[in-house]
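What follows is a single structure, written as structure tokens, with notes after it.
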Amino acid sequence: MLTDWLVDTARHAGHAAQATSVPGVAQRTGATTYYVEIYPVPLADCGGRQPVFGLNPLPGRLDALVSSELLETGRQIANGMVSRDHTLLISSSARTYTTAEKMAMGDGRAADDGLLALVRQHSRAHHVVDMARMTREAGTVVSAVMLGCIAASGLLPMSRRDYESVIGASGPSAQASLRGFAMAYEAIERQRQQAQYVDTVWRPPAQEPLQPDRQRALPAEAQDLPASALAMVRLGHERLVEYQDAAYAAQYLQRLQRLHAAELQADPSDEHQGAIVREMARWLALWMAFDDVVRVADLKSRRSRTTRVQQEVKAGEADLLKVYDHFKPGVPELAGLLPQGMATRLIAWDQRRVQRGLKPWAMPLKIATHSVSGFLALRFMASLKRLRRRGSRFALEQSLIERWLTRVEACTREHWALGHEIALCGQLIKGYGSTNERGKENLLHIIDHLAPASATSTASAAERAKAVRAARQAALTDEAGKALDQVLVGHGAPARPLKAQPIHWIKRPQRTAHQPG
């Protein structure tokens, strides 16, 4: 669509234009690349001669590169398509995370700072704007936003009216496309004006400090925590107030105070600027706000979720939108809300089923969230957070959290680096279901066998810190756990215990005489 618009705009303004495309073979192994050439002199001034165009771009000779995704911009730069002396680079700051980034057990995201540095380093001029946000707000497609960026850059010899006249003839969605075009045009225009001002006075314009989002004030007991951790502490505190209540968030701050006291003892000169408290503020909040059926129901029935779905499908005010949510809660999810005694009996019943060769019990549900009954069902489940504290899952999670906190606190007092490495093990807790259970098992095995001093081991605290770091990195790189077991054994710790798995025997079907062997 963007290519067609560019060619139509150029021809509308009296210029010769040609477009070609090079299709990719699959996601991320080669995105489709569109190449447009526009002759800068109007055909009326060419004396009847026609320009000769190329079929594909030449590396380093592009006048402009336009991309709607930041990592894709970096990929084109790596392919050598741009040059610092010749290329105007226009890119979106938004990211669509690749499969490889999302599959990483740890934080596999490519750093935006490095990609932005590439953009600055390999372009004569550049414009970076959030095209995804503009697309959502305008209710259009990203092609309209990209066209507005190109028009405002001043690179091509066409006026804004030429672009808008082509969009206006493109169909019933023209108004939304024009809105997206205008938003992008104005954003790039502002950037160009700022750049011109810098060139004129040779100093950057005074920047107003960023206004933080509306935030709840932290309680007084949090003010003693390290300044470097307060931003993360505030996010964690707000998350837990929303997740449960103010008392639960206060317990979060009390736990951080314990760790802060231990870190002050290990690092009285504040050489590390409260790094342990900062890391624990992140991972502790995530663990304390563990996902359960109550949390899922709450998130699914929020107004913000409905608004997001409407924006994603571009539903108008007169459109009828139906949303169906599929759930399959099993015995562990339901038992988590029950008191310990009832939960134990229910789980034992399900385990006996599995031992008899049956599948674990589960209840497939399809809930029409858009209906009154479906919405009320979700809100009822969300209201059960008052019972969460009495459930077996809550008690189990708190006991495991305390084991981790106690180990971090004790090891921090012994050796700062050891405490820091155990704090970082909090990133092993992620996901839900079997992934979450495996992460907790790995964390507990590491802190029980590698972190504490042992009568049978002469390893120093610094050596134990290195062992914990190696085990954590192995657990994050290998989901099966073989690399973790090798690291554990290599540092004198036992491998993780084997877990019993049921064996399902399947009867081979009888062959009849006419069936081939």
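Using DSSP to define loop residues, name the chymotrypsin sites (Phe, Trp or Tyr not before Pro) in region 281-346 whose beta-carbon has at most 13 other beta-carbon atoms within 10 Å. Kindly include the intermediate steps, with their values, before the conclusion.
On the way: sites: TRP283, TRP287, PHE290, TYR324, PHE327; in loops: PHE290.
Filter output for region 281-346: empty list.
Near VAL82, once Lys and Arg are set to +1 and Asp and Glu to -1 for all other residues with Cβ below 14 Å from its Cβ, the sum equals +2.
Pulled fully out, how much extra length does the chain show between ARG305 and GLN265, if you take 0.36 nm times their separation in residues and subtract their Cα-Cα distance? Don't skip to the end; give the middle numbers.
Details: separation 40, 0.36 × 40 = 14.40 nm, distance 4.49 nm.
Using 0.36 nm per residue and subtracting the Cα-Cα distance, I get 9.9 nm.
Just so you know, the averaged projected area of the alpha carbon convex hull for region 310-380 sits at 6.7 nm². A cut-off of 5 Å between modelled amide H atoms, ignoring neighbours fewer than 5 places along the same chain, links HIS127 with LEU89, ILE90, SER91. Taken along the Cα-to-beta-carbon direction at a fixed 7 Å, the label points for ALA125 and GLU238 span 3.8 nm.
Each listed q (0.12 Å⁻¹) maps to a log10 I(q)/I(0) for region 231-357, found by the Debye formula over equal Cα scatterers with no solvent: -0.75. Put a dot 7 Å past the Cα of LEU58, heading toward its Cβ, do the same for ALA250, and the two dots end up 7.3 nm apart. Solvent-accessible area assigned to carbon and sulfur over region 227-332 amounts to 51 percent, based on a 1.4 Å probe.
Given axes a ≥ b ≥ c from the Cα gyration tensor, I'd like to know whether region 377-517 is rounded (a/c under 1.5), prolate (a/b larger than b/c) or oblate. Judged from the Cα gyration tensor, region 377-517 comes out oblate (a/c at least 1.5, b/c at or above a/b). What the Cβ-Cβ distance of VAL354 and GLN257 gives, at R0 = 45 Å and to the nearest 0.05, is a FRET efficiency of 0.55. Put simply, the convex hull of the Cα atoms in region 1-127 casts, on average, a shadow of 8.8 nm². Taken per residue, the accessible surface of region 141-194 reaches 45 Å², heavy atoms only and a 1.4 Å probe.
Give me the percent of the accessible area of region 406-494 that comes from carbon and sulfur atoms, probe 1.4 Å, all protein chains in place.
Numbers: 2080 of 4040 Å².
Of the solvent-accessible surface of region 406-494, carbon and sulfur hold 52 percent.
At q = 0.08, 0.10, 0.12 Å⁻¹, work out log10 I(q)/I(0) for the chain with the Debye formula, treating every Cα as an identical point scatterer and leaving solvent out; two decimals please. Ignoring solvent entirely, the Cα scatterers give -0.77, -1.07, -1.26. Of all beta bridges that DSSP places with both ends in the chain, some 55 percent have antiparallel geometry. Think of a 1.4 Å ball rolled over the protein heavy atoms: region 224-341 then has 51 Å² of accessible area per residue.
Does region 387-466 classify as rounded, prolate or oblate by the C-alpha gyration tensor (a ≥ b ≥ c root eigenvalues; a/c under 1.5 gives rounded; else a/b over b/c gives prolate, otherwise oblate)? Walk me through the intermediate numbers first.
Values: a/c = 2.41, a/b = 2.01, b/c = 1.20.
Prolate.
The count of lysine pairs in the chain with alpha-carbon distances below 18 Å, taking only pairs 8 or more places apart or on different chains, stands at 15. Expressed per residue, the C-alpha convex hull volume of region 436-495 stands at 67 Å³.
Shape class for region 213-265, computed from the alpha carbon gyration tensor (a ≥ b ≥ c): oblate, with a/c not under 1.5 and a/b at or below b/c. Reducing region 340-387 and region 242-317 to their Cα centroids gives an inter-centroid distance of 25 Å. Given the C-alpha centroids of region 400-428 and region 464-507, what is the distance between them in whole angstrom? Comparing the Cα centres of region 400-428 and region 464-507, I get a distance of 20 Å. Computed extension gain for ASP448 through ARG403, at 0.36 nm per residue and net of the alpha carbon distance, reaches 15.3 nm. Extending 7 Å from Cα along the Cβ direction at LEU43 and again at THR98 yields two label points whose distance is 4.2 nm.
Taking the 1.4 Å solvent-accessible surface of region 66-164 as the whole, the part contributed by carbon and sulfur is 50%.
Rounded to the nearest 10 degrees, the inclination of helix 112-121 to the longest alpha-carbon principal axis of the chain is 30 degrees.
The values are calculated or read from the model by the stated rules, or taken from the named source; none is laboratory data. Just so it is clear, the model here is predicted, and its values are computed rather than measured. As a convention, Cβ positions derive from the backbone with ideal geometry for all residues, glycine included, and neighbour counts pool all protein chains shown. Surface accessibility is based on the protein's heavy atoms, side chains included, excluding ligands, DNA and RNA. Shrake-Rupley method; radii C 1.70, N 1.55, O 1.52, S 1.80 Å.
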